[in-house]
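Undergrad: Dropping the structure in here first, questions after.
The values are calculated or read from the model by the stated rules, or taken from the named source; none is laboratory data. Everything numeric in this text was worked out from a predicted model, so none of it was measured. Using ideal geometry, Cβ is built from the backbone for each residue, glycine included, and neighbour counts are taken over all protein chains shown. Each accessible area value is taken on the protein alone, full model and side chains, heavy atoms only, with ligands, DNA and RNA left out. Shrake-Rupley method; radii C 1.70, N 1.55, O 1.52, S 1.80 Å.
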Amino acid sequence: MHIGEISGYKLGQATRDAFGDALKDLAAEFPDVVTVDGDVGNSTRTEPFALANPERGFNVGIAESNMVSVAGGLAAAGKTPVVASFACFLLCNAFDQIRMSVAFPGLNVKLVGSHAGISIGEDGPSQMGIEDVALACSLPGVSVVVPADGISAKAATRAMLEHSGPLYLRCGRPKVAELYGSGIDFEIGKSIKLRDGDDVTIIANGLMVAAALDAAHMLEKEGVSAQVIDMHTVKPLDEEAIVAAAKKTQRIVVAEEHLAHGGLGSAVAMVVARSGPGRMAFVSVGDTYAESGDADGLLEKYGLTPAAIVQAVRSVR
Amino acid sequence: MSELKEKARILRQHICRMTTEAGSGHPSSSLSAVEVVTALFFGGFMKYKADEPNWPDRDRFILSKGHAVPVLYAAMAEAGYFGVDELLTLRKLGSPLEGHPNMKRLAGIEASTGSLGQGLSLGVGQALGCRLDGRPSHIYVMTGDGEMGEGQVWEALASADKYKLANLTLIVDQNRYQQTGAAKDVLDMGDFAKKIEAFGWHVQTINGNDMDEVVQALKTAQGVTDRSTAIVSKTQKGFGILPVLEEAGDVNFHGKPLPPAMLEQALALLAK
């Protein structure tokens, strides 16, 4: 059983695949876009773009520091570089390069991290980006987008290229439930309410949005009415939607495939602390590294399931 | 040539004055690089328009050793990017002449640097971008010798070779000292020329405080059209005011301005 199945959603594309398809499709429309890779383009899915546009694809080898600064240089020369690697290597290995060669000068570099979260599975903790959102959010002027499914990842890719300034797009490895089969109106910084409810608000991003929808479905049977918000943009945060949710339901649960500190949960809590009223609970990887294993087993073991969200909802009721 | 030497003398005066006025900064690290920067800006090597800093076809100078930015500000002021008087606002609140280069605040600065090791990669990116757009721009990057300890520089050297970036020139300002002492004592990198050559680059080694040698090397570099070119510029930290630093018993004189009395001595040396 996949996440999202309880609430009737079928498996769709992985967000990395959707990003890769969209990037290739948008190549002609955005002629200034170039890709910069650290030799994992066939994993991050920049490869189809680079193969179709060889003069616009730069694989600088296994050298993430250089990769990010080269992207900064390309942006300073007027190009729109999309620099992609595993989320952990991009944000952690090249963090100072993102700080100094991208964020501080405010250059128009698009950072794309694939293999985010623990759902990459068997390759294990060294390959899991679970600090990336916190690191990206810490940088002034950098927008942070975490799409929930393939359709929103495609829309986010277009929005990213239309956006002026540095932006981090977080993608995942596994196929995820398709939530936006009937279309999406995607805008950076504008959350999407996927389900309305009166008793509690579940705010999530990435694959935890489908888990939140499943949880809402389960809660309904207990007589609890939960609304679900896809907070695909962590920065700039849709504060208006959070304030409205706090007013309406008082109780807010945040779910994300990321460490407890510095991610979506922290960002939402800052808003609720200011605006009130609210009691909150958090579903995340917590304060630990994970381990190797199958994706579903890992999500279960580390508490990133619809059941874990239901549990969190009960804790704030 | 005598005009260039005269300009170099004026740049040195600016460097000493503005850092003493600021009460902090890296005058000795700036002084070693004066001949190269002077030749680039005033010897006809760099094409730029001071009144149109973002002219797309300009050549670009990236100061990767960002702490030496007084030499760049001095050159930019003399070139007309801003008034010479503004040099005395260095490092002061509200001034775009920050302690390290900030491209967001000062037009004409081509890269925000200060975290060592990133400038050459930025140069590779700019060289790739300009070439892709068919621009004639040439990218000059200056690193320090201590900075060559950063692994990223060697990543950048390798990637420049991959793309045969003939529009990229690296100048290593080998002034032989870094923060805590002699470069050879801190991390002896051996012969930069051999190492950089091994990465597929064209390399020249010169006395970088000799204007004739600098001009000749930049001319030779312009003639290299099939790969990136490097100039290992052997210099002396504090060149131009060395007797003053020697008298003070500190020829490194890293990261501090000349006290007023020393400034007077230095300016006297630089007066002729």
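Undergrad: Using the Cα atoms of chain A, I'd like the radius of gyration and the largest Cα-Cα distance, Dmax, both in angstrom.
TA: In Å, with Rg to one decimal and Dmax whole: 18.5, 58.
Undergrad: If you don't mind, there's one more thing I want to ask. Using only the heavy atoms of the protein chains and a 1.4 Å probe, how would B:192, A:104 rank by accessible area, largest first?
TA: The ordering from most to least exposed comes out as A:104, B:192.
Undergrad: Here's another thing I want to ask about it. Report residue A:182's accessible area, 1.4 Å probe, all protein chains in place, as a number in Å² to the nearest 10.
TA: Near enough 120 Å² of accessible area.
Undergrad: Considering Cα pairs under 8 angstrom that are at least six residues apart, work out the relative contact order of region B:29-235 and quote it in whole percent.
TA: RCO, region B:29-235: 22 percent.
Undergrad: Which whole-percent values make up P(r) of region A:192-316 when all C-alpha to C-alpha distances are grouped in 5 Å steps starting at zero?
TA: 2, 12, 24, 25, 20, 10, 5, 1, 0
Undergrad: Quick one: of the DSSP bridges fully inside chain B, what percent are antiparallel, nearest 5?
TA: Around 10 percent of the beta bridges assigned by DSSP in chain B are antiparallel ones.
Undergrad: Find how much the distance from residue B:198 to residue B:104 grows on full extension, using 0.36 nm per residue of separation minus their present alpha carbon separation; answer in nm with one decimal.
TA: Roughly 30.3 nm would be gained on extension.
Undergrad: Another question about this same structure. When all protein chains stay in place, what accessible area (Å², nearest 10, 1.4 Å probe) is found for residue A:91?
TA: Only protein atoms counted, so the area is about 0 Å².
Undergrad: A follow-up question, please. Normalised by the number of residues in region A:192-316, what is the relative contact order in percent for Cα pairs under 8 Å and 6+ residues apart?
TA: Once normalised by length, the contact order is 28 percent.
Undergrad: Taking the Cβ-Cβ separation of residue A:287 and residue A:222 as r and a Förster radius of 25 Å, what is the calculated FRET efficiency to the nearest 0.05?
TA: The formula returns an efficiency of 0.30 here.
Undergrad: If I compute solvent accessible area with a 1.4 Å probe over the protein chains, what percent of it on the protein assembly as shown is carbon and sulfur?
TA: Carbon-and-sulfur percentage of accessible area, whole number: 50.
Undergrad: Would you please give the FRET efficiency between residue A:25 and residue A:122, computed as 1/(1 + (r/R0)^6) with r the Cβ-Cβ distance and R0 = 41 Å, to the nearest 0.05?
TA: It comes out at approximately 0.85.
Undergrad: Treating the Cα atoms of the protein assembly as shown as identical point scatterers in vacuum, please give the log10 of the normalised Debye intensity I(q)/I(0) at q = 0.08, 0.10 Å⁻¹, two decimals.
TA: These q points yield log10 I(q)/I(0) values of -0.61, -0.84.
Undergrad: Rounded to the nearest 0.05, what FRET efficiency do residue B:219 and residue B:133 give with R0 = 25 Å and r taken as the Cβ-Cβ distance? Could you check?
TA: Taking R0 as 25 Å, the efficiency between residue B:219 and residue B:133 is 0.45.
Undergrad: Right, here's the next one. In region B:155-204, which residues become less accessible by 20 Å² or more once every protein chain is in place, relative to the chain on its own, using a 1.4 Å probe?
TA: Buried by the other chains: B:155, B:159, B:162, B:163.
Undergrad: Still on this structure, please answer the following. Would you work out if region B:174-272 is rounded, prolate or oblate? Take a ≥ b ≥ c from the square roots of the eigenvalues of the alpha-carbon gyration tensor; rounded if a/c is under 1.5, else prolate when a/b is larger than b/c, oblate otherwise.
TA: The shape class here is oblate.
Undergrad: Helix-derived [θ] at 222 nm for chain B: sum -39500 (n - 2.57) over DSSP H runs of at least 4, divide by residue count, nearest 500?
TA: -12000 deg cm²/dmol
Undergrad: Continuing with this model, one more query. Under 19 Å from a label point 7 Å along Cα→Cβ of residue A:164: give me every residue in region A:78-118 with its amide N that close.
TA: A:78-82, A:102-111
Undergrad: Something else about it: How much net charge surrounds residue A:271 when only the other residues with a Cβ under 10 Å from the Cβ of residue A:271 are counted, with Lys and Arg +1 and Asp and Glu -1?
TA: -2
Undergrad: Still on this structure, please answer the following. So with the 1.4 Å probe, I'd like the accessible area per residue for chain B, rounded to whole Å².
TA: That works out to 38 Å² for each residue.
Undergrad: Shape call for region A:12-177 from the C-alpha gyration tensor, a ≥ b ≥ c root eigenvalues: rounded (a/c under 1.5), prolate (a/b greater than b/c) or oblate?
TA: Verdict is rounded for region A:12-177.
Undergrad: Before we go on, tell me the buried accessible area for the A/B pair, both chains summed, 1.4 Å probe, in Å² to the nearest 100.
TA: 2000 Å²
Undergrad: Quick one: which residues, 5 or more positions from residue A:255 or on another chain, have an amide H under 5 Å from its amide H? H modelled 1.01 Å from N in the peptide plane, none for Pro or chain starts.
TA: Hits under the 5 Å cutoff: A:203, A:204, A:205, A:283.
Undergrad: Turning to a different aspect of this structure: How many angstrom lie between the C-alpha centres of region A:226-296 and region B:106-180?
TA: For region A:226-296 versus region B:106-180, the Cα centre distance is 41 Å.
Undergrad: While we're on this one: Averaged per residue, what accessible area in Å² does region A:192-316 show with a 1.4 Å probe, protein chains only?
TA: Normalised by residue count, the accessible surface of region A:192-316 is 38 Å².
Undergrad: Same structure again: Once the whole set of protein chains is in place, how much accessible area is left on residue B:140, using a 1.4 Å probe, in Å² to the nearest 10?
TA: About 10 Å², rounded to the nearest 10.
Undergrad: Which values, in whole Å and largest first, are the semi-axes of the equivalent ellipsoid of region B:161-201 obtained as the square root of 5 times each eigenvalue of the Cα gyration tensor?
TA: 26, 12, 7
Undergrad: Also, I was wondering about something else. Report the gain in length on full extension from residue B:49 to residue B:179: 0.36 nm times residue separation, minus Cα-Cα distance, nm rounded to one decimal.
TA: Here the answer is 43.3 nm.
Undergrad: Are there DSSP H segments in chain B that both extend 24 Å or more along their axis (alpha-carbon positions) and score a mean Kyte-Doolittle hydropathy of at least -1.0? List them, or say none.
TA: Passing helices, by number: B:2-22.
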